[in-house]
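The values are calculated or read from the model by the stated rules, or taken from the named source; none is laboratory data. Worth saying up front: this structure is predicted, and the values here are computed from it rather than measured. Every residue, glycine among them, receives a Cβ derived from its backbone with ideal geometry; neighbour counts consider all protein chains shown.
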Ligand code: C2E
Ligand code: CA
Ligand code: CA
Ligand code: CA
């Protein structure tokens, strides 16, 4: 017979082993989630501010975890970036976006689909090679894919410029995301061949609140015009915001006013409905 202390010790070891087994680290959970196919894309409509028509969408990653609450990409994407899991995530995003693109183009030949790139995706060759190879295989028209990058992601401007040129050569558009929230200088952006500037939600929010940030917005719009960039306003929730942006020449918008991120089927329904109108 074992002494009581040893039994207790064994039980403790077993309990700790069980607990650590169940509670994986976040990168560990992400790895398992990828294997179990728990990640999928939702699509948020991008609309023409003058006509209200949906002309494209942004792919946003969702994590359907079997246990536990849904987790925002604002939490798991940074964790994936820190742990090196982001490459596998982006590969999955590219796969799914390319799989869904033909159905969208069939309903709307000039559809634009945006996907988000992290710094590692832009600086290494793998993601871009995968993207270009897939696009070539499906003979998608130029401009149907938009890669969204943030200022924060441009750590090496020279490397970024080279990769952006490569995307351009193959008809992929490049958008700078969350514009106005980064720390890099405008000269970094001016040196890149960009197509689209996405105005960050904080500036759009400020329109209604008449907050200080709303004084910056006209300057962002002027700068985009000077650089001949298309503009997409993000996080548009009210008609007041939409009116303001339209009057100042912002062409495109996305936000809850027009639609939340939704499954592919719902976006296809939306395109069918507007096709009949
Ligand atoms: P983001 O690229 O700036 O995406 C826009 C975020 O704003 C999305 O949050 C979207 O759901 C939300 N949003 C859009 N319109 C409105 C609105 O009218 N009101 C409000 N309150 N929110 C709105 P989401 O889907 O939670 O994504 C958060 C961030 O996670 C994204 O910000 C992006 O940086 C990152 N992310 C999402 N999917 C991916 C991905 O596939 N790859 C990478 N690298 N990052 C991703
Ligand atoms: Ca984005
Ligand atoms: Ca954004
Ligand atoms: Ca954001």
Residues of the stretch 245-271 satisfying the condition of being farther than 16 Å from residue 52 by Cβ and assigned to a helix (DSSP H, G or I): 264, 265, 266, 268, 269
Residue selected from the stretch 141-166 under the condition surrounded by 21 or more Cβ atoms within 10 Å (Cβ to Cβ) and at pLDDT below 95, by the criterion nearest to ligand 4 (Cβ to nearest atom): 150
Residue within the stretch 209-220 that is modelled with pLDDT of 95 or more, within 16 Å of ligand 1 (Cβ to nearest atom), under 23 Å from the mean Cα position of the chain (by Cα) and farther than 30 Å from residue 39 by Cβ present: no
Members of the stretch 39-72 found to be within 16 Å of ligand 3 (Cβ to nearest atom) and not in a strand (DSSP E or B), listed by number: 72
Residue 257, sole failed condition from (1) without any contact (Cβ under 8 Å) to a residue 24 or more places away in the chain; (2) touching a helix residue (DSSP H, G or I) at 6+ places or on another chain (Cβ under 7 Å); (3) on the phi > 0 side of the Ramachandran plot: (3)
Of the criteria (1) loosely packed, with under 15 Cβ neighbours inside 10 Å; (2) within 13 Å of the chain's Cα centre (by Cα), which one residue 93 fails: (1)
Residues of the stretch 194-208 satisfying the condition of being at pLDDT 90 or above and out of contact with any strand residue (DSSP E or B) (no Cβ under 7 Å at 6 or more places or on another chain): 201, 202, 203, 205, 206, 207
Wholly within the stretch 128-237, helices (runs of 4 or more DSSP H) carrying at least 3 residues that are closer than 19 Å to residue 250 by Cβ: 201-209, 217-226
